[in-house]
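Structure first, then comments.
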Amino acid sequence: MELLEEQRETWGSRGGFVLAAVGSAVGLGNLWGFPYKLYDNGGAAFLIPYIIAMFLVGIPVLILEFSMGHLSQRAAPDAFAATGKRLEFVGWWGIIMGFIIITFYPVILAYCFNFLGHSIQGIFNGGQLPWAGEGIEGVEKAKDFFYKEYLGHTEGPGLGEIRLNIVLTLFIAWLVMYFCIFRGVKLVSKIVWLTVPLPWLMLLVLTINGLMLPGSMKGLAYYLNPDWSELAKPTTWQFAFGQAFFSLSLAFGVMLTYASFLHRKSDINNNATVIGLADFATSFIAGLAIFATLGGMAFVTAEAGNPVAVEDVVAGGPGLAFVAFPYALAQLPGSAWWSFVFFFTLVTLGIDSAFSITESVLAAIVDKTAWRRSIVLPVMSLVGLGFGLVFTTQGGLNWLGTVADAIYGTWGIGLVGLAECILLGWLWRVDHLRRHANERSDWQLGRWWTYAIRIFIPIILGTIFIWSLVNDLTTPHGFLKGPDGQWDLFGFLKGPDGQWELFKCVGLAVVISAPIIAVLMSMIKSPRNSGGGVPQHPAARAGWVSGRVPGTIALLLSIASAAVLIPSLAGLTIAGSIGTYLKIESIVMAIGAVAVSSYVLDKADDNGRRPSSLAQWAGIISTMDISAFFALCLIGMTSEAVDAARPVSAAENLSETSYAILAVVLLLIIGGLSWCFYRALTAAGRDAPPQSADGIIM
Ligand code: PFF
């Protein structure tokens, strides 16, 4: 069923859409974010939560966003409003998170432009690069160049002066983004034929070059040797899921908006899987390129008698792309060319991700207000640029890190994803979306997908949220376990000396204000909504309500379960076997409540009735109960885990486990992509009209 009759602009071809979505997903997050997050969070062990996040959560949610965008033909807020006005805020929440990203993401692009400029100069002046140096002193030189000379970096919360060199390239970045999208998605679908394959090609060249360097295997050991103990920390899981959502551009409304421009007959399920696999493959290969090259650098410097080990240069955050890697490339013959290739790759990777966010914010505003795109885009670009100026100051990098970490953190994008799945899953008929996607896809989703969105994904995301939240609150200065035994409600926002920490406060304020602003935005009357532009789903209008009695029972069970679990999370448990019995009782009640409410929803759906809202809320509460139970188990199991340093063995050669991990990951990527292409080809063969082989793809 199509919700809207009006004609909306569409992508020219299936390739144009897939490339645009891949262009959004594959960005700085893959080449710069993923490798250092993996390195910081357990090496190859990080791949476990990351693969779960990508494949068990990411791709099903991508299908959810694609089918919602495709069905509603609207940007995120209106698409959510189409499922019921009270859910519109979820769409705005993602859009606001996207807007936060659009203030700092182009600043990193601006750095790339500057470094690209230096590399081009290097090509013309005989290979001299301003950050190049030898040995361990050379590393200092590379650090000095980035932090002191280029950023004029100062520590602490003070902003200092605006750096004009960064402002200039930030302006260029915004200008390029503006010209890419000002003509609409038709032009975007052409631009991405350049901005997606080109960086892939260059990444391949960097990877092959890296792997051919002597010493590369030692570098890979840093990447692929697992440190399993990191899995006991909630932050590892938080970062893996945050990174997966960020990398797939998920829950920011971007994929939903892109799918709203998709042709009515286009495939959804297979496209989403290809996009997820392509994004995962790019991150993984980027890691190979980075660490193999760093291994080569370690070898070259050791040969020259001035050894620099990989851990001497690898630093978290921007240090990897703007200090370690440029330094490593400067050790190779033809260094200026290699730097050019690297920064050009970053620019082309980042630009289509950056404009995809702009497009989704733009489409959200235009769809809500019916204002002209040609006016909203320049105003929005100026506002984005204006906020971005904060990050071009001497203290800008500190603030950039604060805001970026907040997006990945407890209150960040994973929580938006949780809200998206649990609210749609229980308050709306997501099975309807499954049918919508199946009607036009190369292969069919089973009912498991509906349960994944309604129950399993919320449980996974909910567990991580609750685990992280309790962890935040019980850090040495959290309110539950103050160092001196005193309760301090805001302890987790303070430093070791009991002083308020501005970075923590602002980071939290930014992400907490997002849902509040989102609710306010959803309350603004829109000419389109009020005119009945976005019709409600028929289930919302159906008169018959079914499942009141079982709904009431499920609600009581879910509340009883919460009454045991919430105090337990706060550390208030009854000791001994009674306490254990109560917890087991509570999880049994929660599972029972989920089963009953889900049955009520399915039955109502099958009979074209409206499920009792008691069952809907029982479902939401009991799903969260189950998450709370898992979080409680994890807290109990991991409370002893210590923050161990990375094992020394990381510096040695690849272990057998690492080879096994490498083989499994490559199999996943190659096998997965081959399967998707096979399904696309067989589906195309099935659907093709016998007389013509043309134009069958859409
Ligand atoms: N997915 C992009 C990356 O990995 O760099 C970044 C991004 C794009 C995040 C679009 C969010 C978004 F809405």
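Computed from the coordinates by the stated procedures, all read-outs in this text should not be read as laboratory data. Source: prediction; values computed, not measured. For neighbour counting, all protein chains shown are included, and Cβ atoms are generated from backbone atoms with ideal geometry for every residue, glycine included.
What to note about this one:
- Rough spin-label spacing in nm, given labels placed 7 Å along Cα→Cβ, for S655 and E9: 5.2
- Gained length - L201 relative to V519, 0.36 nm times residue gap less alpha-carbon distance: 110.2 nm
- Here the peptides 223-232, 238-247, 50-59 are ranked by packing, the mean other Cβ count within 10 Å, and the order with the highest first is 238-247, 50-59, 223-232.
- Mean separation of Cα contacts under 8 Å (6+ apart) over length of the chain, as relative contact order %: 24
- Segment 282-381: trypsin sites (Lys or Arg not before Pro) falling in loop per DSSP and having at most 13 other Cβ within 10 Å: R372
- Residues L667, L332 in ascending order of nearby Cβ atoms (within 10 Å, fewest first): L667, L332.
- Translational diffusion of the chain, estimated by Stokes-Einstein from the Kirkwood radius over alpha carbon pairs at 4 °C in a medium of 1.567 mPa s, is 49 µm² per second.
- Extended-chain gain in nm, criterion 0.36 nm per residue less alpha-carbon gap, D497 and D312: 63.6 nm
- Cβ crowding within 10 Å ranks V379, V600 as V379, V600, fewest other Cβ atoms first.
- For segment 133-179 and segment 548-566, distance of Cα centres in Å: 55
- Projecting the Cα atoms of Y147, I268, H436 onto the charge dipole of the chain (Cβ charges, centred on the Cα centre) puts H436 farthest toward the positive pole.
- Computed from phi, the 3J(HN,Hα) profile of segment 254-266 under the Karplus parametrisation 6.51, -1.76, 1.60 (θ = phi - 60°) reads 6, 5, 4, 5, 4, 5, 6, 9, 7, 4, 4, 9, 6 Hz, with x in place of Gly and Pro.
- Cβ-Cβ FRET estimate between E140 and S674, R0 fixed at 41 Å, reported to 0.05: 0.30
- For the chain, adding -39500 (n - 2.57) for each run of n ≥ 4 DSSP H residues and dividing by the number of residues yields -22000 deg cm²/dmol at 222 nm.
- Cα gyration tensor category, rounded, prolate or oblate, for segment 362-416 with a/c compared to 1.5: oblate
- Karplus-derived 3J(HN,Hα) values for segment 555-566, using 6.51 cos²θ - 1.76 cosθ + 1.60 with θ = phi - 60°, are 5, 4, 4, 5, 5, 4, 5, 4, 5, 8, 6, 5 Hz; glycine and proline are entered as x.
- Shape class for segment 189-265, computed from the alpha carbon gyration tensor (a ≥ b ≥ c): oblate, with a/c not under 1.5 and a/b at or below b/c.
- Inter-label distance, nm, simple model (7 Å from Cα along the C-beta direction), I559/W371: 4.4
- Spacing of the two label points (7 Å from each Cα toward its C-beta) at L382 and S613, in nm: 4.4
- Links that overshoot a 22 Å alpha carbon limit, given the list K265/K603; K265/K525; K368/K504; K190/K368; K186/K265; K37/K143: K265/K603; K265/K525; K368/K504; K190/K368
- Footprinting exposure proxy for D625, D405 (fewest neighbouring C-beta atoms within 10 Å first): D405, D625
- Each residue of segment 656-666 was assigned a 3J(HN,Hα) from its phi angle through the Karplus curve 6.51 cos²θ - 1.76 cosθ + 1.60 (θ = phi - 60°); the sequence is 5, 4, 5, 5, 5, 4, 4, 5, 5, 5, 5 Hz, with glycine and proline shown as x.
- Backbone amide hydrogens, once placed in the peptide plane, bring S546 within less than 5 Å of R610, S612, excluding anything fewer than 5 places away on its chain.
- Each peptide in 138-148, 455-465, 608-618 was scored by the mean count of other Cβ atoms within 10 Å over its residues; highest first, the order is 455-465, 608-618, 138-148.
- Long-range HN-HN contacts of K494 with modeled amide H, under 5 Å: E501
- Between the beta carbons of Y581 and C633, assuming R0 = 22 Å, the FRET efficiency works out to 0.90 to the nearest 0.05.
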